[in-house]
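The values are calculated or read from the model by the stated rules, or taken from the named source; none is laboratory data. Everything numeric in this text was worked out from a predicted model, so none of it was measured. Positions of Cβ are backbone-derived with ideal geometry, glycine not excepted, and every protein chain shown enters the neighbour counts.
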Amino acid sequence: MTDEPSRLHGFLSRLVEIKPGEERITLLLFFYFFLITAAYSIIKSLRVASYLDSLGADKLPLAYLLTAVSIGLVVAIHSKLQASLSRLNLIIFSLAFFILTAVLFWLLFSLGWAWLSLAYYIWANIFLAVVITQFWIVVNDIFNPRETKRLVGLFGSGGILGGILGGEATGLMARASVDTRLLFLACGFLLLTIVVVYLIADWQKRSGRGPSQDSTESTQQNGKTERVGFRECLRTVIGQRYFRLLAGGIALSLIVSTFIDWQFSKVVEGTASLGDRLTSFFGHFNAGLLVVAFFIQLFLTSRFVQKFGIRFSFLIYPSVLIIVLTGLTALPASLLMALTLKASDKSLSYTLNQSVRELLYIPVSPEVKYKAKIFIDMFLNRFAKGLGGVLLMALLYFSLNLRFISLVTILLILGWMAVNLQVTREYAAVVRNKLKKKWDRAEKAVAEQLDLDYLKLAFDTLDTRRRSRELLAMDIFDLMKQDKLRPELKELLTSNLSEPGVSSLGTLFEEEALALSEWPAGENEDLLKKEVDEILSLEAYQELIKEYIRRVVADKKPGTEIMRMEAAKLFSLMPANFVPAEELAELLGDESPEVSRLAMDSAARSGQKEHLETIIRKLKDPVTREDAVSALLTFGSKITGTLSDYLEVEELDLEVKKAIINVLSRMATQEAADLLALELQKNQPELDGELIEALDRIHHLKPEISIPAEISRKKLKEEIERHCQLLLATLDSQGPLGEEAEKELVRSQSDIFKLLGFLYPGDDISRAWQNFRTGTKDSRAYALELLDNILIKSDREMVLPLLEDLPPSDRLKRVRTLLDELGKT
Amino acid sequence: MKISTREINDILIVDIEGEIRRSDITDMTLHQWIKQQLERGKRKILLNFEKVEFIDSFGVGEILASYISANNLGGKLKLVRISKKLYLIFQVTMLTRVLEIYDDEQVALESFFKE
């Protein structure tokens, strides 16, 4: 139940797809990001100005080197603190540290030490690495991938706005080229950040969306002390292919960014037209870029990622760069081209690319995620930029040609795109790992653990003990013949006879208990089987037994049921060609379900197809249905065609048709699957559920059996259309959902997932369904995220709108749109 | 296989000794011997298996053929003291429902008298 959406919600929902209740945390994250980037903008402007003022540009490489070393140290310290402090304390501690050290720098700057600007330079870089990483760690703690996709546009834009306003504030308030008093403004922003962080922690506590147990990073896990530190973080990244790819992609993107910076500067250097207005132009250009980036982030990022998915979104940034660089390579260098390059780089890097990059961390298990994240975001970021510089210098040593560098950049981007493709493929596997498989299809689980035929025979045998010695003997012999008279069953059959309740039935059972222990074993068992078979084939035996059975069948007086049961059972042991069809037909039609059950089994085992019609008729009666199904299964796949012919008969009872479908599914052959798929193709709404269930059963029992994709997809579309109609009916009615309507909706959802299972990896779909159906809010979200990543676009666009957790009004809108689109196609 | 007979009233008690199996066919099979007795007018026959050590399917066939022959001539052929193993086979093949089998000779004889 949701309250009437607030005005704030109404306003925010125009920007991103926000759900009631998410406004507060999204805005808090927006301000968190805004405040730290505003603080950073001020610190950054002082960093460059003071460094150049005191030490000059020549000494910048020294600053790069020391920054890289220091960040390595910070990774080690941060990972240790992360393991011992709660998330809130870690962030507050870090912010307090930066506030105090900022004040200290302000004090020390007044002493005029030249080398202080070097320390400040390194400190500013550490500040950036720590606070930004911590911000994204908090996002990881709070949101699942679905929520992040929807909301990153909004809270991510806070960072860009902070950059704009921080920069502008610096410009407006600076009274000198190096105005260290601005540090107090940065400290003010950081103090406000502490307040926001507390409010976020409070929200997390109230909503139960705090950092998971693992993410408090207790040093004690399973009694072992968890290893932390730089090496451990490095080992985590190297140890997992997903992190290696992620790190590789990020490193390549940063190297490319370094190359693009150089190419941009090179073109601008050669452009004389701007002259003295160069500084002012770039000031405006950079400010304009940030404004563009802000709008891209706010209005496009979430929509784009939601619509096109992670893979496509992650390829956009490098693809645009390739296009612009190709232009730069092919056309004469111009300022317009350089500006386009820089604008593409900065506007997409801080928005779409950064958002997708952060999304990729979210499904990773917290035990490793945060170690990898601090290594990649803090250390690798710096290292890759440095590496980019070194590579650029090496290339420039050989050639200063702009076109040459552009070509190299294109090659690097192609490599980066390949890595991005790989990492987004792995992403689906990471999401899959988040979804626990909760159950297996009953048939599969039972089939793997139990021998159903054995159980049936065993139960029949136990049951027949109270009926007659002959039936019991025949059942035991049957078990023996099928090599199923296991010692435990033999013991059970013997031991239970001595129970007080049973022994009181008379001496018959006591004798039987004795007789059971007399049953031969080993080689003697084989001899017995051989002898019985030989006797059953004897001419004299046939003559005698046929006469006896004729009498038994004709005699339907009360109390003669057992005799007919014995006769029916005996036929199952006789050689097929000796089973008298006429008597068997009589027994099949017997009023007693027990007689009829045994007769059906005998008919099936002797393979007499002339009795098929009688058996199929018995599918109608619920009392005899399951036995008829068993008998038809005993006939085996040779009757597949006959069963399919019966399905064609229009006037055949619906229950019989459903039972035939059940039989075909339990046969689990390719031929049965093909026939069922053909039936599914026909317009038979009353049988669709059974047909889909049957194909799903086959698919689970034998994944190697294929189900025609075109039929599955056509049916998927139809089922989605039906689901939409059901949703519309329930949504339009406004009132609470009736029990029957709810069941119908769940059935329809289940059918949609089953049909998806025929088109995509069954295990993935099954995991998604189980978690969607019975999981927590997060596991439902991960289920949808998995579908989002494995379904092709057209399927994704049909399925996800039905499954997303939406307020009724939004759902109604989506369902109507979907129905319109389905109608058009 | 050795056969000896006793007669109580008009009931022929056939005491069989040894094995009744295909590989051990003597000059005359059990069925042929019974047919001979039937031809001599014997109509009530009790086969005593107390000293029979082994019967194979061939032996069972001989018993069944003898039973049919006796029946066809309006006679009665009954069995007494068969082994547990044979009884088990008769149960599995439902011959216990067709043949009259007794544990005790006296009871078997009385069953003839009652008829």
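Annotations
- A:Leu497 passes every criterion in (1) crowded, with 19+ Cβ neighbours inside 10 Å; (2) modelled with pLDDT under 70; (3) within 14 Å of chain B (Cβ to nearest Cβ) apart from (3).
Residues checked against (1) among the basic types (Lys, Arg); (2) under 24 Å from A:Ala783 (Cα atoms):
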site	(1), (2)
A:Asp653	no, no
A:Lys682	yes, no
A:Glu693	no, yes
A:Glu704	no, no
A:Phe758	no, yes
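- Entirely in the range A:755-814, the helices (runs of 4 or more DSSP H) that have 2 or more residues that are touching a residue at least 40 places away in the same chain (Cβ under 8 Å) and among the β-branched types (Val, Ile, Thr): none
- Set A:Glu448, A:Glu426: member being modelled with pLDDT of 85 or more and assigned to a helix (DSSP H, G or I): A:Glu426
- Residue satisfying all of: in the range B:70-86; part of a helix (DSSP H, G or I) and surrounded by fewer than 20 Cβ atoms within 10 Å (Cβ to Cβ); nearest to the other protein chains (Cβ to nearest Cβ) among these: B:Lys84
Conditions tested, residue by residue: (1) farther than 19 Å from A:Glu594 by Cβ; (2) more than 7 Å from every other protein chain (Cβ to nearest Cβ); (3) free of Cβ contacts under 8 Å to residues at least 12 places away in the same chain.
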site	(1), (2), (3)
A:Leu536	yes, no, no
A:Glu543	yes, no, yes
A:Glu561	no, yes, no
A:Arg564	no, yes, no
A:Ala568	no, yes, no
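- Flag for A:Leu612 being within 22 Å of A:Asp696 (Cα to Cα), in contact with a helix residue (DSSP H, G or I) (Cβ under 9 Å, 6 or more places away or on another chain), part of a helix (DSSP H, G or I) and of a type outside the set (S, T, N, Q): no
- Residue-level analysis places A:Glu531 among those that are crowded, with 19+ Cβ neighbours inside 10 Å, within 11 Å of chain B (Cβ to nearest Cβ), at pLDDT 80 or above and more than 59 Å from the chain's Cα centre (by Cα).
- Restricting the range B:1-45 to residues that are of a type in the set (D, E, K, R) and part of a strand (DSSP E or B), the residue that is nearest to A:Glu534 (Cα to Cα) is B:Glu19.
- Residues satisfying the stated conditions in the range B:87-103, i.e. in contact with a helix residue (DSSP H, G or I) (Cβ under 9 Å, 6 or more places away or on another chain), of a type in the set (D, E, K, R) and more than 9 Å from chain A (Cβ to nearest Cβ): B:Glu100
- Only one of the numbered conditions (1) over 30 Å from the mean Cα position of the chain (by Cα); (2) in contact (Cβ under 8 Å) with a residue 60 or more places away in the chain is not met by A:Val195, and that is (2).
- The sole residue among A:Leu514, A:Leu485 that is within 13 Å of chain B (Cβ to nearest Cβ), modelled with pLDDT under 85 and loosely packed, with under 13 Cβ neighbours inside 10 Å is A:Leu514.
- Check on B:Lys51, surrounded by 19 or more Cβ atoms within 10 Å (Cβ to Cβ), modelled with pLDDT under 95 and more than 14 Å from every other protein chain (Cβ to nearest Cβ): no
- Reported count of residues in the range A:553-592, each being in a helix (DSSP H, G or I) and of a type in the set (Asp, Glu), is 5.
- Entry remark, the range A:679-735: residues being under 16 Å from A:Asn662 (Cβ atoms) and hydrophobic (A, V, I, L, M, F, W, C) number 8 in total.
- Where A:Leu352 falls short, out of the listed (1) in contact with an Asp or Glu (Cβ under 7 Å, 6 or more places away or on another chain); (2) within 23 Å of A:Met417 (Cβ to Cβ): (1)
- Out of A:Ala333, A:Ala338, sole residue that is touching a residue at least 12 places away in the same chain (Cβ under 8 Å) and either outside any helix (DSSP H, G or I) or touching a strand residue (DSSP E or B) at 6+ places or on another chain (Cβ under 8 Å) (or both): A:Ala333
- Count of the range A:633-677 residues which are free of Cβ contacts under 8 Å to residues at least 12 places away in the same chain and surrounded by 14 or more Cβ atoms within 10 Å (Cβ to Cβ): 1
- A:Leu570, sole failed condition from (1) under 57 Å from the mean Cα position of the chain (by Cα); (2) at positive phi: (2)
- Checklist (1) within 10 Å of chain B (Cβ to nearest Cβ); (2) at pLDDT 70 or above; (3) surrounded by 13 or more Cβ atoms within 10 Å (Cβ to Cβ); (4) over 23 Å from A:Val595 (Cα atoms) applied to A:Asp478, failing item: (4)
- Per-region count, the range A:137-169, residues closer than 23 Å to A:Lys369 by Cβ and either acidic (Asp, Glu) or touching a strand residue (DSSP E or B) at 6+ places or on another chain (Cβ under 8 Å) (or both): 2
- Residue within the range A:213-222 that is at pLDDT below 75, among the small types (Gly, Ala, Ser) and not assigned by TED's automatic domain parsing to the domain that holds A:Thr776 present: yes
- From the list A:Ser41, A:Ser94, A:Ser84, the one residue that fits, being of a type in the set (Ser, Thr, Tyr), modelled with pLDDT of 85 or more and surrounded by fewer than 17 Cβ atoms within 10 Å (Cβ to Cβ), is A:Ser84.
- Taken over the range A:545-559, the criterion of being surrounded by 13 or more Cβ atoms within 10 Å (Cβ to Cβ) and away from chain B (no Cβ under 11 Å) is satisfied by A:Arg550, A:Val553, A:Lys556.
- Members of the range A:429-445 found to be modelled with pLDDT of 65 or more and part of a helix (DSSP H, G or I), listed by number: A:Ala429, A:Val430, A:Val431, A:Arg432, A:Asn433, A:Lys434
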